[in-house]
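Worksheet for the structure shown next.
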Amino acid sequence: MKTQAFRLLLVLLVFQSVVFAQSEGMVFIEGSRYIPLYGRDSTVVEVKDFEMDIYPVTNSEYMDFVTKYPKWQKSKALKLFTDKSYLANWKNDLEFKDSEHPNSPVTYVSWFAAKDYCECQGKRLPTVDEWEYVAMADQTTKDARVKPSYNEQILAWYEAPRSNENLIGQNPKNVWGVHDLHGLVWEWTMDFNSVLITGESRKDVDKDSNLFCGSAAVNATDLMNYAAFMRYAIRGSLKAKYSMKNLGFRCVKDTNKIN
């Protein structure tokens with residue numbers, strides 16, 4: 001009887017470790033409800049559990065991607081999905097410029113390319129709500145937006161030159177265990193300009209045409225928070241084929257955790 005009980009306990013422990021296992025290079029984010037600083041009529045947003053990459057995608061990782069999927073190489077990427085700046089900091093299809101480090105975040109990548117990268121990893125781009133939810137944390141608090149020090153650090157980064165050339169992981173991880181949401185590069189989201197579209201939001205429509213036009217910021221929940229306003233303003237100025245030297249991305253994944 002004791003032997004059977006021990007075996008049952010062992011099976012339960014193994015099953016639990018499988019159910020709650022984190023994907024490699026990712027951390028589990030426990031969802032909740034919160035009010036975005038700039039969002040849909042200041043309504044509460046619900047974020048479900050998910051996993052997020054600990055670091056943004058690096059030059060080296062993107063090099064592996066374009067090696068495996070040549071259609072995204074610098075000379076082969078379709079102009080429908082990229083602009084003239086796509087991988088502008090690479091010498092050619094499979095070589096960085098001397099100024100680039102393999103462990104720096106990949107930049108000059110369009111939304112289309114970032115989206116496909118994530119999907120090829122069995123992941124996806126985060127939504128604006130998911131990204132903002134994780135990014136509102138500092139090293140000790142899940143919602144640090146009311147802390148002057150939190151916003152001061154973000155604003156100081158906005159003024160810092162060439163932060164995109166820094167290595168990943170040099171900024172302290174936040175309370176979730178995620179690095180570099182602030183202090184390195186801006187990051188693509190799946191619905192990057194949804195909160196800035198007048199009229200129907202991105203959540204209410206399915207056509208990708210809504211990704212090609214940004215407009216002025218609306219529905220501000222806290223106009224005093226300039227740090228948040230800048231993020232939303234940048235997103236609203238983007239088009240899906242744009243590439244920028246300080247715009248990268250990371251992936252997320254829906255969790256298999258059983259509640």
- Item | Single residue of Gly248, Gly177 found to be over 24 Å from Asn89 (Cα atoms) and modelled with pLDDT of 95 or more | Gly177
- Mind counting the residues in the stretch 149-182 that are of a type in the set (Gly, Ala, Ser), in a loop (DSSP other than H, G, I, E, B) and open to solvent by less than 20 Å² (accessible area, probe 1.4 Å)? 1
- Item | Total residues in the stretch 133-148, condition open to solvent by 60 Å² or more (accessible area, probe 1.4 Å) and of a type outside the set (Lys, Arg) | 5
- Log entry, pairs with first residue in the stretch 105-132 being of a type in the set (D, E, K, R), second being in a loop (DSSP other than H, G, I, E, B) and at pLDDT 95 or above, beta carbons closer than 8 Å, six or more apart or on different chains, reads Lys115/Leu125; Lys115/Trp188; Lys115/Met190; Asp116/Tyr69; Lys123/Cys251; Arg124/Met190; Arg124/Cys251; Glu130/Thr189
- Query: What is the residue count in the stretch 91-132 for residues that are surrounded by 16 or more Cβ atoms within 10 Å (Cβ to Cβ) and more than 22 Å from the chain's Cα centre (by Cα)?
  - Reply: 2
- Message: Tell me yes or no: at least one residue of the stretch 57-73 is surrounded by 17 or more Cβ atoms within 10 Å (Cβ to Cβ), more than 18 Å from Ser243 (Cα to Cα), within 19 Å of the chain's Cα centre (by Cα) and in contact (Cβ under 8 Å) with a residue 60 or more places away in the chain.
- Response: no
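The values are calculated or read from the model by the stated rules, or taken from the named source; none is laboratory data. Model, not experiment: these values are computed from the prediction. For neighbour counting, all protein chains shown are included, and Cβ atoms are generated from backbone atoms with ideal geometry for every residue, glycine included. SASA here: full protein model, heavy atoms, side chains in, ligands and nucleic acids out. Shrake-Rupley method; radii C 1.70, N 1.55, O 1.52, S 1.80 Å.
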